Every structure is written in structure tokens, then in C-alpha cells.
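Asks: Handing you this structure, nothing more for now.
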Amino acid sequence: MPLPENHRLLFEQQKQRAAAIVRLLSSYSHLLDTYVVEFFSENLWEKVPRSWQATLSNLTSPQLSTLLLEQGPCVGCESVWPLSLLAYRASAHALSFSRQPWGGPSPTLGAGGRPEEYRTNRSQSSRLSHHLRRHVKPKKQHEIRRLGAMVKKLCDATGCQHVVDVGSGQGHLSRYLAFGHGLHLTGVEAGEELVATARRFDRELLHRLCKEAARESKSDDNSRETLGIDPASIPLPHHRVGWVDPRAPWKDFLQLLESEGVPEREGDCWRPGCPFVLTGLHACGDLGPAALRQFARCPSVLGITTVSCCYMKATTLDEPAPPPQEGDSESGYPMSAWVQGLPGHGLPYMLRELACHAIEDYAGRLKQETAELRVHCYRAALETIIRQLNPLLRRPGVQTGRKAHLLPFKE
């Protein structure tokens with residue numbers, strides 16, 4: 001079926017944007033495919049055009065943040081910038097994807113950009129039952145509540161009562177959907193220890209709810225916050241140990257969901273032929289693309305919500321994912337066959353990793369000239385020493401101590 005005219009125009013615009021992004025990245029790959037320490041340890045500053053050097057070296061840290069990293073007119077600088085630098089800056093901002101939610105900032109954000117649900121207690125969401133806050137950090141509390149509400153809406157729209165949570169970890173999202181919304185859940189997680197922990201947390205929560213229900217049946221005090229669900233009616237999540245192969249056919253994915261042995265509670269596990277909604281919170285690396293492919297191909301998946309992360313771990317065409325399937329060249333990036341045909345579309349690991357950092361945080365440190373910037377100098381100096389001692393050792397993993405910027409370099 002042909003695309004509607006407005007969808008076709010939007011698709012063509014995105015293709016043009018992708019081509020422009022690839023051209024820009026490939027043109028400046030000698031600068032972008034590097035870590036900050038390389039500008040010191042390998043003197044990459046000399047690769048920066050001379051005209052750029054003359055301009056950038058005269059800027060203060062706050063000016064670097066305001067004039068280079070922020071959008072808007074380039075005003076407030078005393079020198080005339082070279083046209084190539086102005087063009088690079090304008091292109092980078094024009095082709096960047098917006099980091100703001102559609103429709104502007106959320107109206108639920110309070111002072112300081114924090115959600116209002118944390119106004120009373122910075123570490124406990126007031127919008128989430130105290131039962132579901134145990135073992136869950138504040139950021140994750142906010143995430144499971146917001147994503148959980150979206151999944152519930154999608155289940156209502158598709159008529160599904162079953163949800164498959166890929167990369168379910170300790171089961172926090174699965175538990176919220178089951179205990180908070182009464183949905184049937186199947187969690188798929190590769191880590192056996194995480195699955196064991198998820199099952200233990202489920203049992204603990206069910207035990208607490210049953211004890212509370214027993215107390216309330218003997219008391220007339222119903223003022224305390226509860227989940228509002230009869231514990232006996234809650235469908236327990238069914239946790240499976242398994243790895244979602246990004247290259248496996250959809251039938252293999254469905255086999256992964258089938259129960260082995262006796263389910264935790266009769267009727268809670270997924271049955272063949274049952275439609276479901278697919279979700280994933282922090283779907284790492286190839287897991288996000290794998291979930292999207294299952295949605296596109298598997299007839300049982302009627303809807304999907306996925307929040308991906310760690311994009312640098314996604315495989316590329318020159319980095320095959322283990323174990324490779326014969327005759328299958330799919331990778332985490334690029335998913336688009338059209339992008340695969342663009343010359344220079346590759347994104348090396350270092351560039352992908354740098355893209356995962358929040359540029360607004362770094363810009364804020366530059367603007368405020370915080371002492372934390374000293375850590376970058378420390379790391380660059382340490383890298384220089386390491387390579388002098390062992391030229392083959394490059395960028396070893398070094399754990400930064402707390403408040404390292406307050407210590408002398410030797411310490």
C-alpha cells in the first residue's frame with residue numbers, strides 16, 4: 001500500500017537529512033572519531049585548520065560554550081570567524097536532532113527541572129506506590145511510571161493483555177505493569193542472577209501485599225496508600241532467562257517466550273498464538289534494533305515501546321554480532337537499507353560513544369568554568385605518561401575517584 005502524501009514527503013525529508021548528516025560526519029571524521037585526550041596525547045590540535053585554531057584559542061571556556069555549542073546567532077565574539085567554522089557550526093546545529101520533548105518542556109517539571117513528583121522527597125516519587133519504590137532508584141521510578149503508563153495505553157488500544165519486556169533486568173518495569181496495571185508480563189533477561197533477583201522481588205512484594213490486605217480486613221482504617229488491587233488477582237510476571245538474538249527469525253523469538261516447567265502461577269505465562277505488546281526500558285546496544293525488527297516481522301507483536309541506550313554497543317556491518325547467522329548481514333546500525341547505500345555512512349565506536357554524552361552537561365561545565373574540568377587535564381596527562389611507558393597501551397580503563405578534581409595530580 002503506498003504511503004500517504006504527507007508521510008511520503010516526511011520520509012523524503014528524513015532521507016535528505018540523513019544524507020546531509022553522513023556528508024558532514026565523513027568530511028570531519030578526522031576530528032570527530034577521537035577522544036578528547038587524543039588532542040593532547042596525539043597532538044590532534046594540529047589537525048584543526050589554522051584559521052580555526054586562531055579563533056578558538058582566543059575564546060574563554062564560557063565563550064566556547066555560548067558561541068560554539070549553543071544555537072542562535074554567533075554574537076559577542078571580538079574576532080571575525082572563518083566562514084568554514086561558521087558553516088560547520090551552523091550545519092551541526094541544523095542537522096542535530098532536538099533533545100526537547102515534542103510540544104516543549106513538560107508542564108509537570110518543577111523548579112530546577114525536576115519532576116513535581118519529587119518536590120516533597122527528592123528520592124521517592126509521590127506518584128508511585130511505596131510498594132513499587134523498593135529497590136528502585138529515583139530516576140528509574142520516574143521512568144517505569146511514565147513508560148508503564150504508555151504501555152498500558154498501547155495495550156488498551158491494541159486489545160492486548162500480555163506484555164513482553166525484553167532486557168527486563170531485575171523486573172522493575174514488569175512488576176509495575178503487573179502489580180500496578182494488572183497486565184500479564186513475560187520478562188526476558190540474559191543474566192541469570194538478575195532473573196533470580198526479579199523473581200525474589202516479585203515474591204517479596206506479593207507477600208507484603210497479602211500481609212497488608214490481611215491487616216486491612218481486620219481494620220476499618222483504609223486511609224493508607226495501597227495499590228488498589230486484590231493480591232489474589234494479580235498476575236505474577238513470568239521471568240525467562242534468554243538472549244534476544246538480533247538476527248534470529250521471529251519464530252525463534254516466540255519459542256524463547258514459551259514457558260519451561262511449571263509457571264509461577266497458572267495463566268500468567270505467554271501462550272502460543274497470544275498477541276502481545278513488546279517493550280524495553282534501557283534496551284542496550286542491539287536490543288533496541290532487535291525489538292523493532294520483531295515488531296515489524298512477528299504477527300503476534302501488535303505494538304511496541306522501546307527506550308534504547310548505549311548506542312555505541314550496537315554492532316555495525318564491519319563488526320558482526322556473535323553468533324552470526326548464515327546468510328544474514330543485519331546489524332544494530334544502520335537498520336535502514338537506504339542508509340547502508342550511502343558512502344561513508346559508518347559510525348566508528350569512538351564517535352558513537354561520544355554521541356551518548358549529554359552535550360548540555362558539558363556546555364554547562366564550560367560556561368561555569370567548574371573545577372571538574374581539571375579531571376580532563378589529569379586524564380590527558382596520565383594518558384601521555386602511560387604511552388611513554390608503554391606505546392602499545394592506549395586508553396586503558398581508568399576509574400576516576402570521587403572529587404578527583406580537588407586532588408593534586410600525583411594523588
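The values are calculated or read from the model by the stated rules, or taken from the named source; none is laboratory data. Values in this document were obtained by computation on a predicted structure and should not be read as measured data. Heads up, the Cβs are rebuilt from the backbone with ideal geometry, glycines too, and the neighbour counts pull from every protein chain shown. For accessibility, only protein heavy atoms count, side chains too; no ligands or nucleic acids. Shrake-Rupley method; radii C 1.70, N 1.55, O 1.52, S 1.80 Å.
Asks: Give me the accessible area per residue for the chain, probe 1.4 Å, as a whole number in Å².
Replies: Accessible area per residue, the chain: 59 Å².
Asks: What's the extension gain from Arg365 to Ser233 if we count 0.36 nm per residue and subtract their Cα-Cα distance?
Replies: On the way: separation 132, 0.36 × 132 = 47.52 nm, distance 5.09 nm.
42.4 nm is the gain from fully extending Arg365 to Ser233.
Asks: Helix by helix through the chain, keep the DSSP H runs that span 20 Å or more along the axis on Cα and average at least 0.0 on Kyte-Doolittle, and give those back in order. List each step's numbers first, then the result.
Replies: Details: long enough: 5-27 (33 Å, -0.48); 138-158 (30 Å, -0.80); 192-217 (38 Å, -0.78); 374-389 (23 Å, 0.07).
Helices meeting the span and hydropathy rule in the chain are 374-389.
Asks: Residues with beta-carbon under 11 Å from that of Leu44, excluding Leu44: net charge, scoring Lys, Arg +1 and Asp, Glu -1? Walk me through the intermediate numbers first.
Replies: On the way: positive: Lys47; negative: Asp33, Glu38, Glu42, Glu46.
For residues surrounding Leu44, the net value is -3.
Asks: Hey, another quick one. If each of Tyr28 and Ser126 carries a label point 7 Å out from its Cα toward its Cβ, how far apart are those two points in nm?
Replies: Going by the 7 Å Cα→Cβ label model, 4.4 nm.
Asks: Over the chain, what is the relative contact order in whole percent, taking alpha-carbon pairs under 8 Å and six or more residues apart? Before the final figure, lay out each step's value.
Replies: Values: 484 pairs, mean separation 69.8, N = 411.
Once divided by the residue count of the chain, the mean separation gives 17 percent.
Asks: A further question follows. List the residues of segment 348-380 whose backbone N lies under 12 Å from a point placed 7 Å from the Cα of Leu64 along the Cα-to-Cβ direction.
Replies: 362-370, 373-377
Asks: Give me the number: length gained by fully extending Cys310 to Gln71, i.e. 0.36 nm times residue separation minus the C-alpha to C-alpha distance, one decimal in nm. Don't skip to the answer; put the middle values down first.
Replies: Working: separation 239, 0.36 × 239 = 86.04 nm, distance 2.58 nm.
Contour length minus the Cα-Cα distance gives 83.5 nm.
Asks: Given R₀ = 22 Å, what would the calculated FRET efficiency be for Leu9 paired with Ala296, taking r from the Cβ atoms and rounding to 0.05?
Replies: Details: r = 22 Å, r/R0 = 1.02.
About 0.45, to the nearest 0.05.
Asks: Next up: Suppose only helical runs count, i.e. DSSP H with n ≥ 4. What mean residue ellipticity at 222 nm does that imply for the chain under -39500 (n - 2.57) per run, divided by all residues and rounded to the nearest 500 deg cm²/dmol?
Replies: On the way: 15 runs with 162 residues, N = 411.
-12000 deg cm²/dmol, from helical runs alone.
Asks: Here's another thing I want to ask about it. Straight distance only, please: which lysines reach the Cα of Lys251 with their own Cα at less than 26 Å, same-chain residues fewer than 8 apart left out?
Replies: Partners found: Lys152, Lys313.
Asks: Return the distance in nm (one decimal) between the two label points of a simple spin-label model at Leu393 and Glu193, each offset 7 Å from Cα along Cα→Cβ.
Replies: Between Leu393 and Glu193, the simple spin-label model gives 2.7 nm.
Asks: Continuing with the same structure: I want to verify the translational diffusion coefficient of the chain in µm²/s; compute it with Stokes-Einstein, Rh as the Kirkwood radius over Cα pairs, at 10 °C and 1.306 mPa s. Present the calculation step by step, with values, prior to reporting the outcome.
Replies: Details: Rh = 25.1 Å.
Answer, rounded: 63 µm²/s.
Asks: A further question follows. Ignoring any ligand, DNA or RNA, what whole percent of the accessible area of the chain comes from carbon and sulfur when the probe is 1.4 angstrom?
Replies: Roughly 56 percent, rounded to a whole number.
Asks: What's the ranking of 399-411, 186-198 by average number of surrounding C-beta atoms within 10 Å, highest first? Intermediate values should be presented prior to the final figure.
Replies: Details: 399-411: 9.7, 186-198: 18.9.
My ranking of the peptides, most packed first, is 186-198, 399-411.
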